[in-house]
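Report on the following structure.
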Amino acid sequence: MGEHLFEESRDPLEESGATMDSSDEEIEETVAEDMARFEDSFVGITKRYRLINRIGEGTFSTVYKAEDLEYSSFDNKWDVDEPETRKWASPSQKRRSRRPHYVAIKKIYVTSSPIRIFNELELLHDLRSSDSVCPLITAFRHQDQVVAVLPYFQHRDFRDYYRDMSIGDIRLYFRSLFTALRSVHAKKILHRDIKPTNFLYNPQLARGVLVDFGLAERQGTDWVQCNCTLQAEDRRYRISHSVYAQTLQSTTSQHSSYPKNDTRSSRRANRAGTRGFRAPEVLLKCTQQNTSIDMWSAGVILLTLLSRRFPFFHSADDIDALLEITAIVGKKKMKDTAFLHGQVLESNIPSYTEGGHTLEKIILWCTGRTKDETGAKKELDDDEKDAAKFLYRLLECDPAKRITADEALRHPFILQALDEGEDEDVDLMDM
């Protein structure tokens, strides 16, 4: 295995359930002790915020729910839930009608590198005012501790609703997610960790926000040319003159065709992300990854919703992850994908076919709709077929052919969400 950069994310909100409105939340003793230590160690934090609960722990940070005690003293353009009438109200009127305003305080662990912390805060600042992206309110530093203050968004735990979403609900979910990704990708930023727990969604409002830019980076960071960016003819030339090809030509042995002492320098590429959601090019250590990796991750979420399986992919390492994808797309497509990035993929697993399986068949299998007692073949309904067609565009192994966030928002599958919304408005008016 070559040298690589791999940081696996465990989201700070991954362990938290549905959020609650009340500030009188039950707090475990250990959580109360943790909050007390935080308040004691971070001088001045209690003057501006009242910690309410710990709402998540992750690999790089802990997140707390808190009340903003000085909300009325600042310009709060970030607050999308604040009615326009209150924004123009006088200070005395605001005090009379005062209600608690909650924020999420993200305490970044001191073990995080200063570059990582600066990168996340800088990207959040650059993404301010972006649609469906969680804005940065402010940030503080006390000695070696850094905290970021973000809006607290009411949302439901993905695990509580993913089995019950209709195709119409799924359209609305992805319209909101792709709106966020369009904003992020327009600034040439890769989120790198798209997954359900990083998209805080409220099914009742059909609105979500993209959070956690701890692994995000600007497109082009540490790029080294990869075969996937070459013209097909140049790519074929490189592959035909590679160490692997030369070894195949020179060997007379029927056994291993790989060089015993490989003197090539190892390939270094960013493989950060969450297992099960990383695109093939990330697993294959492509050195020119772009925003399309986020679209693959969104495709995995759609596959999860259509199959009612979460998590859908559950690999222990990169090889397992590649094999899981190969089981679906087939050996031929995965070999072609590996060659695209100058890699070689070999598999002798007998159950893996050359052509793989259709996504329609995968969805039917996962939802127990293969054949009934009469042996009659079952099919997806028309809406599910439309969703499957859209899914193919997201789970495209070639990143150059994968649909973009902007294209996704103009895809018929997503556009139908607008038509359905207009129909609901008409029904309400008729009543």
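The values are calculated or read from the model by the stated rules, or taken from the named source; none is laboratory data. Keep in mind that this is a model prediction, so the values were computed, not measured. Positions of Cβ are backbone-derived with ideal geometry, glycine not excepted, and every protein chain shown enters the neighbour counts.
When you look at GLU396, is it closer than 23 Å to ARG308 by Cα, of a type in the set (Asp, Glu) and under 20 Å from the mean Cα position of the chain (by Cα), yes or no? Answer is yes for this residue.
Would you call GLU122 surrounded by fewer than 18 Cβ atoms within 10 Å (Cβ to Cβ), at pLDDT 90 or above and not β-branched (Val, Ile, Thr)? When the stated conditions are applied, GLU122 passes them. Counting residues in the range 273-293 that are closer than 30 Å to TYR201 by Cα and touching a Cys at 6+ places or on another chain (Cβ under 8 Å) gives one or more. A single member of ALA180, ALA206 is under 16 Å from the mean Cα position of the chain (by Cα), among the small types (Gly, Ala, Ser) and outside the structural domain of PHE60 (by TED's automatic domain parsing), and it is ALA180. For the residues GLY375, GLY342, GLY368, the requirement of being assigned to a loop (DSSP other than H, G, I, E, B), modelled with pLDDT under 95, farther than 30 Å from GLU233 by Cα and within 29 Å of the chain's Cα centre (by Cα) singles out GLY368. Contact annotation: residue pairs with Cβ atoms under 6 Å, 6 or more positions apart or on different chains, pairing a residue in the range 275-287 that is under 10 Å from HIS341 (Cβ atoms) with a partner that is of a type in the set (Gly, Ala, Ser), are LEU283/ALA321; LEU284/ALA338; LYS285/ALA269; THR287/ALA269.
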